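Data block below; observations after.
The values are calculated or read from the model by the stated rules, or taken from the named source; none is laboratory data. Computed from a predicted model, the values in this text were never measured in an experiment. A quick note on method: Cβ atoms are made from the backbone with ideal geometry, for glycine too, and the neighbour counts reach across all protein chains shown. Ligands, DNA and RNA are stripped out before the accessible areas are found, and what is left, the full protein with its side chains, is counted by its heavy atoms. Shrake-Rupley method; radii C 1.70, N 1.55, O 1.52, S 1.80 Å.
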Amino acid sequence: MQPASPSAQSSPSWWIGPIFNELVIALFPVLTYYAAVSSRLPARVAVHFNEYGIPTRFEDKDGMDALLGLIGLGILGFLIGKILRLIILLPIHFSRNENNRQIGAKIATYAEFFLVGLFSYLCLAIQKTSLTNTVSLGDTAKVIFISMNIFLLLLANVCPKITPNKWFGIRTPYAFSSDGAWVSVQRLGGRLLFCGSLFNILVTLLLPGSFPAIFIFNMASLLLQALVILLWKPRRNRTEPPSSSDSGVC
């Protein structure tokens with residue numbers, strides 16, 4: 001079977017990505033709101049809460065401020081995902097390496113689903129909050145960071161498959177010293193990202209429902225992983241010249 005040509009990979013479907021499944025996720029909060037939530041809400045709903053989960057500002061439930069949070073975040077996530085897809089794909093569109101082009105498209109799809117799913121969840125959480133006039137920042141933080149770590153697990157699966165290029169991958173100074181160094185860094189990054197993300201998910205589930213604790217732990221863990229990858233360099237000499245197999249431009 002012949003590999004797909006660059007023109008096929010640059011077809012409209014490659015640029016647009018998945019539509020139907022993402023729209024179903026994005027529109028679910030809209031359907032939920034009009035089917036079950038709208039009729040149960042008071043005329044004015046809380047749209048802002050303080051750090052203790054107490055409402056501090058109210059708006060008309062049919063006003064734009066309220067509707068953006070009650071039904072619009074899923075759609076917003078869908079639109080941002082499409083913009084992000086273009087940002088990811090535009091640089092690697094000029095790559096001569098078909099493997100990297102396919103991986104880039106896969107990463108873009110992962111990012112889209114992550115954004116639309118996260119925004120739709122936040123939309124549903126706001127609907128629930130508006131019904132009860134209370135908010136659980138800890139539970140919301142757990143969902144956000146667990147989702148983010150699942151996204152990183154997917155990235156860890158493709159990291160070792162990325163070949164040398166200027167556009168994406170784990171781009172440390174040592175990685176660009178040779179082809180072998182690039183492969184070593186991508187493999188290390190993939191393993192570290194996979195194990196670290198699993199660890200973060202487990203600890204996040206066990207942490208008490210405190211937004212600061214969840215936020216600080218996850219950010220510290222991610223920064224530590226990034227620091228290890230950035231500073232990692234085996235104690236042996238590399239004499240190969242930097243790779244030029246994929247310059248990133250035609």
Note on region 152-166: residues open to solvent by 40 Å² or more (accessible area, probe 1.4 Å) and either of a type in the set (A, V, I, L, M) or within 15 Å of the chain's Cα centre (by Cα) (or both) are L154, N157
So T129 fits all but one of (1) among the β-branched types (V, I, T); (2) open to solvent by less than 30 Å² (accessible area, probe 1.4 Å); (3) farther than 19 Å from G72 by Cα; what number is the exception? (3)
Inspect region 51-65 for any residue being within 18 Å of L122 (Cβ to Cβ) and assigned to a helix (DSSP H, G or I) and give the result as yes or no. yes
Within region 211-233, is there a residue that is in a helix (DSSP H, G or I), more than 20 Å from P160 (Cβ to Cβ), modelled with pLDDT under 90 and touching a Gly at 6+ places or on another chain (Cβ under 7 Å)? yes
Could you say which residue among L73, L23 is at pLDDT 80 or above and more than 23 Å from T134 (Cβ to Cβ)? L23
L205 fails exactly one of the following numbered conditions: (1) under 30 Å from A35 (Cβ atoms); (2) surrounded by fewer than 19 Cβ atoms within 10 Å (Cβ to Cβ). What is the number of that condition? (1)
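What are the residues in region 171-200 that are within 11 Å of W232 (Cα to Cα) and either touching a strand residue (DSSP E or B) at 6+ places or on another chain (Cβ under 9 Å) or part of a helix (DSSP H, G or I) (or both), if any? Break it down stepwise before answering.
Pass one, region 171-200, residues within 11 Å of W232 (Cα to Cα): 172-175, 181, 184-185, 188-189.
Of everything in region 171-200, those that are within 11 Å of W232 (Cα to Cα) and either touching a strand residue (DSSP E or B) at 6+ places or on another chain (Cβ under 9 Å) or part of a helix (DSSP H, G or I) (or both) turn out to be Y174, A175, A181, S184, V185, L188, G189.
Any idea which of L79, L84, L137 is at pLDDT 90 or above and within 30 Å of V203 (Cβ to Cβ)?
Numbers: L79 fails: within 30 Å of V203 (Cβ to Cβ); L137 fails: at pLDDT 90 or above.
That would be L84, the only listed residue that is at pLDDT 90 or above and within 30 Å of V203 (Cβ to Cβ).
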One residue is enough: does region 182-198 have a residue meeting the conditions within 20 Å of L137 (Cα to Cα) and surrounded by 13 or more Cβ atoms within 10 Å (Cβ to Cβ)? no
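Restricting to region 208-227, what's the tally of residues that are hydrophobic (A, V, I, L, M, F, W, C) and loosely packed, with under 13 Cβ neighbours inside 10 Å? Show your work before the answer.
We begin by selecting, within region 208-227, every residue hydrophobic (A, V, I, L, M, F, W, C); these are 211, 213-217, 219-220, 222-224, 226-227.
Then keep just the ones that are loosely packed, with under 13 Cβ neighbours inside 10 Å; that gives 216, 219-220, 223-224, 227.
Residues meeting the conditions: 6.
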